[in-house]
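Chemist: Let me begin by handing over the structure; questions about it come next.
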Amino acid sequence: IPRIAGIKQCFRTAKYFKSLGVNLIHSFHYGADYSEAIAAKISGIPWIYTKKNMNWGGSSKNGWKTRTYLASHIMVQNTDMLKRFFPKSNKVSLVPRGVDTSDFKKRSKNSKIMNHLQIDEKEIVILCVANLHPVKGVEILLHAFDRLFERDNHCRLLIVGDNDNDYGRELINISKKLISSSKIEFIGQVFNVKDYYSISDIFVLPTLDVGRVEGSPVSLLEGLSCRKKVLASNVSGIKDILLNFPECLFKPGDVDDLYNKLNDLLYK
């Protein structure tokens, strides 16, 4: 919109696609926009896309349907996508996401970060790496950690992710009211996330079962690849990754269940 200008842009984009001399166009973004699919159709080049999230309904529903109709093939990242969005389609493949295991691997603790955060070698470090959006349910982890702290104050919680937004500020305010507040660190967005995996003992991803949920959370794959103990909520995307490890799943939004799983992991 405006549609006339949009169609003109599609023709310009199609001309550009042709100039590349490519045989296939692959879309790997989150949105339901279908202009690139139209441009590819005009250019005569097959167009495929990867479905990365669990968003489908609402105002974007027609966009996703149009993208699907125009696509030569579709790749999905978890089994719930197959069941919910493409139950009768014969042009869909399940392609699980991965990480570079030569890059994300078990490594020695980063002493510089340990010293900077004044973390004792004997402290238990719990890590959450996430795009801080309400669906991530980080407040559930904060409250479960607070209960864990009451039992054993020799622990730390590190939250890695951009907190310069309303949800990030809300989490910081919640943490200030907890008895464990002095042991909770909001690291912010970092580019050396592997160093934070290195100093952690447990990785937790507390995604809620609402809204867009998870497609295939890369941070969970990174934590596993770094050989960390993991706990994550039993939602789409996550339950595929942890299919063979049901003991690592907890009920989404349930502070008690997460606390019990943390307690079992650490003390049993």
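Yes/no matrix, rows are residues, columns are (1) within 14 Å of residue 236 (Cα to Cα); (2) modelled with pLDDT of 95 or more; (3) open to solvent by less than 80 Å² (accessible area, probe 1.4 Å); (4) among the hydrophobic types (A, V, I, L, M, F, W, C):
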position: 53; (1), (2), (3), (4): yes, no, yes, no
position: 57; (1), (2), (3), (4): no, no, yes, no
position: 64; (1), (2), (3), (4): no, no, yes, yes
position: 70; (1), (2), (3), (4): no, yes, yes, yes
position: 76; (1), (2), (3), (4): yes, yes, yes, yes
position: 83; (1), (2), (3), (4): yes, no, no, no
position: 88; (1), (2), (3), (4): no, no, no, no
position: 93; (1), (2), (3), (4): no, yes, yes, no
position: 100; (1), (2), (3), (4): no, yes, no, no
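Chemist: What residue, of 74, 42, is closer than 30 Å to residue 135 by Cβ, among the β-branched types (Val, Ile, Thr), in contact (Cβ under 8 Å) with a residue 12 or more places away in the chain and not in a loop (DSSP other than H, G, I, E, B)?
Modeler: Step by step, each of 74, 42 is checked, and only 74 is closer than 30 Å to residue 135 by Cβ, among the β-branched types (Val, Ile, Thr), in contact (Cβ under 8 Å) with a residue 12 or more places away in the chain and not in a loop (DSSP other than H, G, I, E, B).
Chemist: Being small (Gly, Ala, Ser), open to solvent by less than 30 Å² (accessible area, probe 1.4 Å) and either more than 20 Å from residue 218 (Cα to Cα) or outside any loop (DSSP other than H, G, I, E, B) (or both) is the filter here; which residues of segment 230-268 pass it?
Modeler: Hits for segment 230-268 are 232, 233.
Chemist: Being among the aromatic types (Phe, Trp, Tyr) and not in a helix (DSSP H, G or I) is the filter; apply it to segment 8-31 and report the residue that is least open to solvent (accessible area, probe 1.4 Å).
Modeler: In this case the residue turns out to be 28.
Chemist: To continue, here is another question. Quickly run through segment 109-129 and pick out the residues that are open to solvent by 100 Å² or more (accessible area, probe 1.4 Å) and part of a loop (DSSP other than H, G, I, E, B).
Modeler: The answer is 118, 121, 122.
Chemist: Show the residue pairs that are 6+ apart or on different chains and have beta-carbon atoms under 7 Å apart, the first residue being within segment 213-234 and in contact (Cβ under 8 Å) with a residue 12 or more places away in the chain, the second being open to solvent by 10 Å² or more (accessible area, probe 1.4 Å) and of a type in the set (Asp, Glu).
Modeler: 229/201
Chemist: Regarding residue 91, is this residue more than 18 Å from residue 201 (Cα to Cα), among the charged types (D, E, K, R) and touching a residue at least 12 places away in the same chain (Cβ under 8 Å)?
Modeler: Judged against the criteria, residue 91 is a match.
Chemist: Which pairs turn up if I take residues in segment 129-140 that are under 13 Å from residue 220 (Cβ atoms) and of a type in the set (Asp, Glu) and look for partners that are open to solvent by 10 Å² or more (accessible area, probe 1.4 Å) and not in a loop (DSSP other than H, G, I, E, B) with beta carbon separation below 8 Å, at least 6 apart in sequence or on another chain?
Modeler: Filtered contacts from segment 129-140: no entries.
Chemist: From the set of residues in segment 61-71 that are in a helix (DSSP H, G or I) and of a type in the set (A, V, I, L, M, F, W, C), which is nearest to residue 51 (Cα to Cα)?
Modeler: Once the filter is applied, the top-ranked residue is 64.
Chemist: Output the residues belonging to segment 151-178 that are part of a helix (DSSP H, G or I) and either surrounded by 17 or more Cβ atoms within 10 Å (Cβ to Cβ) or at pLDDT 95 or above (or both).
Modeler: Selection gives 166, 167, 168, 169, 170, 171, 172, 173, 174, 175, 176.
Chemist: So residue 190 passes all but one of these: (1) under 15 Å from the mean Cα position of the chain (by Cα); (2) part of a loop (DSSP other than H, G, I, E, B). Which condition number does it fail?
Modeler: Checking residue 190 against (1) under 15 Å from the mean Cα position of the chain (by Cα); (2) part of a loop (DSSP other than H, G, I, E, B), the one that fails is (1).
The values are calculated or read from the model by the stated rules, or taken from the named source; none is laboratory data. What you see is a predicted model; the values in this text were computed from it and never measured. When we count neighbours, we look across all protein chains shown, and the Cβ atoms used for this are built from the backbone with ideal geometry, even at glycine. Side chains included, ligands, DNA and RNA excluded: accessible areas come from the protein's heavy atoms. Shrake-Rupley method; radii C 1.70, N 1.55, O 1.52, S 1.80 Å.
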